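Asks: If you scroll down you'll find the structure; I have some questions about it.
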Amino acid sequence: MNSNELKKGRYLVTGGAGFVGSHLCERLLALGCEVVVVDNFITGRKSNVQPLLRNPKFHLVESDIIQPLEISGGLAGIFHMASPASPVDYMKYPIETLRVGAIGSDNILNLARQKQCPILVASTSEIYGDPLEHPQKESYWGNVHTIGPRGCYDESKRYLEAITMAYHRVYQLPTRIIRIFNTYGPRMRTDDGRVVPNFCMQALANKDITVYGEGKQTRSFCYVSDLVEGILRVIQCDHVEPINLGNPVETSIYEFAHRIIGMAKSQSKIIYCPLPQDDPKTRCPDISRAKNLLGWAPEVSLEIGLKHTFDYFKSTL
Ligand code: NAD
Ligand code: UDP
């Protein structure tokens, strides 16, 4: 199975003007599909999809999905990507984050029910919290601090998973849940606060690289084109339980800072800043399920992916 086999039809992408959503839209259009995006631009930007607006098969609707949504005509499927995703963003917008995960997801699942189409929802590795199992398999229930500063996002996504399963069980809706691990690439906002834009922009300006804590915490970074390929395979399979999508190559944040300084040939020095509360100590996906069900595994190395991403950030200066 691969993305080329996707049914050519009309797809709705919520959050399609965001980082991941815009890459997904681009790929759907390249496959010959029609795409309708609904976005309120809370963390996304019209400029992410500006070049797509020239394509008559692309339609952009500016709307908040916490309001009930009417989309005329049939849909071949829905990709529900709308939600703030960067810790800086969701801590700035905790109520909007909880509402889009709860009310917005309910509205979109209801729309899928009306249209009788499959729906894929974007969950996250954050539902594993600060994990006590490593690497994280889909069977792990997680270790989330519900009332901590990350709780607004983690609980919003746990609710998203719960309501998605409820729609499946009650209405037999064909639902798919993906748990996305740290994904990076061009079109991330330079100021979204995530580690990839922060380190790249700091290295480009020869400014201090802000490692939080001692930098011993680990993350596993997936290039966006690999994620999009995974998403387009998941919508075609009939597996209802969650599927991890991420790159299992794990790195400490300290090593990551050195890698970016080296790649940028930057004069930047590392400085150590306070570790944010509840920052997960490790994160690495077990992707056996995606490999077995979809024949999917990431193909883009960190070296190549970071080079594309770095060139993008350079082009924004
Ligand atoms: P992003 O912030 O760039 O994109 C999210 C988009 O959703 C934005 O365009 C935003 O304006 C839109 N949006 C938010 N609330 C909305 C609302 N109420 N109505 C309409 N639109 C709304 O983030 P991203 O990195 O592209 O993430 C996309 C999805 O993938 C999110 O659901 C996120 O939780 C999930 N995810 C991403 C990552 C990652 O590493 N990028 C990791 C795990 C999960
Ligand atoms: N981080 C860092 N310096 C920064 C930004 C982030 O050391 O300027 C660390 C952060 O503490 C976390 C990791 O990098 O351990 C990834 O952070 P990000 O915000 O990208 O996403 P998260 O995986 O925490 O959701």
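Here is a yes/no grid of residues against (1) away from ligand 1 (no atom under 11 Å from the Cβ); (2) in contact with an Asp or Glu (Cβ under 9 Å, 6 or more places away or on another chain); (3) at pLDDT 95 or above:
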{"residue": "V170", "(1), (2), (3)": "yes, no, yes"}
{"residue": "L173", "(1), (2), (3)": "yes, no, yes"}
{"residue": "N182", "(1), (2), (3)": "no, no, yes"}
{"residue": "P186", "(1), (2), (3)": "yes, yes, yes"}
{"residue": "Q202", "(1), (2), (3)": "yes, yes, yes"}
{"residue": "T218", "(1), (2), (3)": "yes, yes, yes"}
{"residue": "E241", "(1), (2), (3)": "yes, yes, yes"}
{"residue": "L245", "(1), (2), (3)": "no, yes, yes"}
{"residue": "P248", "(1), (2), (3)": "yes, yes, yes"}
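Asks: Follow-up question, since we're still on this one. Say we look at segment 163-201 and pick out the residues that are within 16 Å of ligand 2 (Cβ to nearest atom) and among the aromatic types (F, W, Y); which of these is nearest to K269 (Cα to Cα)?
Replies: F199
Asks: Mind listing whichever residues of segment 86-125 are of a type in the set (D, E, K, R), in contact (Cβ under 8 Å) with a residue 60 or more places away in the chain and crowded, with 19+ Cβ neighbours inside 10 Å?
Replies: First, pick out the residues of segment 86-125 that are of a type in the set (D, E, K, R): 89, 92, 96, 99, 106, 113, 115.
Within this subset, residues satisfying the condition of being in contact (Cβ under 8 Å) with a residue 60 or more places away in the chain are 89, 113.
Selection gives D89 alone.
Asks: List the pairs whose first member sits in segment 59-85 and is assigned to a strand (DSSP E or B), whose second member is near ligand 1 (Cβ under 9 Å from one of its atoms) and hydroxyl-bearing (S, T, Y), and whose Cβ atoms are under 9 Å apart, counting only residues at least 6 apart or on separate chains?
Replies: I78/T14; F79/T14; H80/T14
Asks: In segment 248-285, what count of residues is obtained for those that are of a type in the set (A, V, I, L, M, F, W, C), over 20 Å from I209 (Cα atoms) and within 13 Å of ligand 2 (Cβ to nearest atom)? Don't jump to the end; show me each part of the working.
Replies: Step one: list which residues in segment 248-285 are of a type in the set (A, V, I, L, M, F, W, C), which gives 249, 253, 256-257, 260-261, 263-264, 270-271, 273, 275, 284.
Checking which are over 20 Å from I209 (Cα atoms) leaves us with 249, 284.
Pick out the ones that are also within 13 Å of ligand 2 (Cβ to nearest atom) and you get 284.
The qualifying residues number 1.
Asks: Something else now. So which residues in segment 265-281 are within 16 Å of ligand 1 (Cβ to nearest atom) and out of contact with any Asp or Glu (no Cβ under 7 Å at 6 or more places or on another chain)?
Replies: D279
Asks: Moving on. Does M165 satisfy the criteria of being more than 15 Å from ligand 1 (Cβ to nearest atom) and in contact (Cβ under 8 Å) with a residue 60 or more places away in the chain? Steps first, please.
Replies: Working: more than 15 Å from ligand 1 (Cβ to nearest atom): yes; in contact (Cβ under 8 Å) with a residue 60 or more places away in the chain: yes.
Yes, satisfied.
Asks: Restricting to segment 202-221, name every residue that is surrounded by 18 or more Cβ atoms within 10 Å (Cβ to Cβ) and under 13 Å from Q267 (Cα atoms).
Replies: Initially, segment 202-221 is screened for residues surrounded by 18 or more Cβ atoms within 10 Å (Cβ to Cβ), giving 202-204, 209, 211, 215, 217-221.
Of everything in segment 202-221, those that are surrounded by 18 or more Cβ atoms within 10 Å (Cβ to Cβ) and under 13 Å from Q267 (Cα atoms) turn out to be Q202, A203, L204, I209.
Asks: Pull out all pairs, ordered by first then second residue, where Cβ-Cβ is under 6 Å, the residues are six or more apart or on different chains, the first lies in segment 212-237 and is more than 16 Å from ligand 2 (Cβ to nearest atom), and the second is of a type in the set (D, E, K, R) and assigned to a helix (DSSP H, G or I).
Replies: Hits for this filter: V228/R27.
Asks: Return the residues of segment 1-21 that are more than 11 Å from A82 (Cα to Cα), among the hydrophobic types (A, V, I, L, M, F, W, C) and either crowded, with 24+ Cβ neighbours inside 10 Å or without any contact (Cβ under 8 Å) to a residue 60 or more places away in the chain (or both); say none if nothing qualifies.
Replies: Quick first cut of segment 1-21, residues more than 11 Å from A82 (Cα to Cα) only: 1-12.
Adding the requirement that they be among the hydrophobic types (A, V, I, L, M, F, W, C) leaves 1, 6, 12.
Of everything in segment 1-21, just one residue is more than 11 Å from A82 (Cα to Cα), among the hydrophobic types (A, V, I, L, M, F, W, C) and either crowded, with 24+ Cβ neighbours inside 10 Å or without any contact (Cβ under 8 Å) to a residue 60 or more places away in the chain (or both), namely L12.
Asks: Can you tell me which residues in segment 126-162 are free of Cβ contacts under 8 Å to residues at least 24 places away in the same chain, within 16 Å of ligand 2 (Cβ to nearest atom) and farther than 26 Å from F79 by Cβ?
Replies: Within segment 126-162, N143 is the sole residue that qualifies.
Asks: Suppose we filter I180, I147 for residues that are of a type in the set (V, I, T) and closer than 18 Å to T282 by Cβ; which single one remains?
Replies: The conditions single out I180.
Asks: Between a residue in segment 269-288 that is over 16 Å from T124 (Cα atoms) and any residue that is at pLDDT below 95 and surrounded by 14 or more Cβ atoms within 10 Å (Cβ to Cβ), which pairs come within a Cβ distance under 7 Å, given they are 6 or more apart or on different chains?
Replies: Filtered contacts from segment 269-288: no entries.
Asks: Determine the pairs where a residue that is at positive phi, located within segment 33-44, has a partner that is among the charged types (D, E, K, R) and within 9 Å of ligand 1 (Cβ to nearest atom) with Cβ atoms under 9 Å apart, the partner being 6 or more residues away or on another chain.
Replies: Filtered contacts from segment 33-44: F41/E62.
Asks: What residue, among those in segment 1-19 that are out of contact with any strand residue (DSSP E or B) (no Cβ under 6 Å at 6 or more places or on another chain) and not in a loop (DSSP other than H, G, I, E, B), is nearest to ligand 1 (Cβ to nearest atom)?
Replies: Selected residue: F19.
Asks: When only residues in segment 46-100 that are away from ligand 2 (no atom under 16 Å from the Cβ) and polar (S, T, N, Q) count, which is farthest from the chain's Cα centre (by Cα)?
Replies: Applying the filter and picking the extreme gives S72.
Asks: I need the full set of residues from segment 39-57 which are part of a loop (DSSP other than H, G, I, E, B) and among the small types (G, A, S), in order please.
Replies: Within segment 39-57, the subset part of a loop (DSSP other than H, G, I, E, B) is 40-45, 49, 55-57.
G44, the sole residue that qualifies.
The values are calculated or read from the model by the stated rules, or taken from the named source; none is laboratory data. Bear in mind that the values here come from a model prediction, so they are computed numbers and not experimental data. Reconstructed Cβ throughout: ideal geometry from the backbone, glycine too, with neighbour counts over all protein chains shown.
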